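Only one structure is covered here, and it is reproduced in the block below.
Taken together, the values in this text are just the output of simple stated rules run on the coordinates, not laboratory data. The structure presented is a predicted model; accordingly, all values stated were derived computationally and were not measured. Cβ sites come from the backbone with ideal geometry, for glycine too, and all protein chains shown count toward neighbours.
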Amino acid sequence: MNTRTFAIASVASLGLALAACDGPQEEAMEDAAEQQEAQLDAQAEAMEDAGASEEAVEAMEDKADAVEDAGEEAADEMDGM
């Protein structure tokens, strides 16, 4: 298992542990954010495989992380309502 796969698996398992504490709407929002992140990560990997620059790949990975973070923050804010 490479480092990236391990990191994704770790985040996913942490997300599952945290999801147990969330309400159904919050969990759905977090799941949607994680799906968007996974899609963007797949695009980054495809870009890397196609020979895109390291900067472009990293920018896509940063975008994936930002999408997930924003989704989780929105879900957390909803939990506080």
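Modelling each spin label as a point 7 Å along the Cα-to-Cβ direction, I'd like the ALA46/ALA28 distance in nm, to one decimal.
My value for the distance between the label points is 2.8 nm.
Among rounded, prolate and oblate, which fits segment 30-76 when a ≥ b ≥ c are the square roots of the eigenvalues of its C-alpha gyration tensor, a/c under 1.5 means rounded, and a/b larger than b/c means prolate?
oblate
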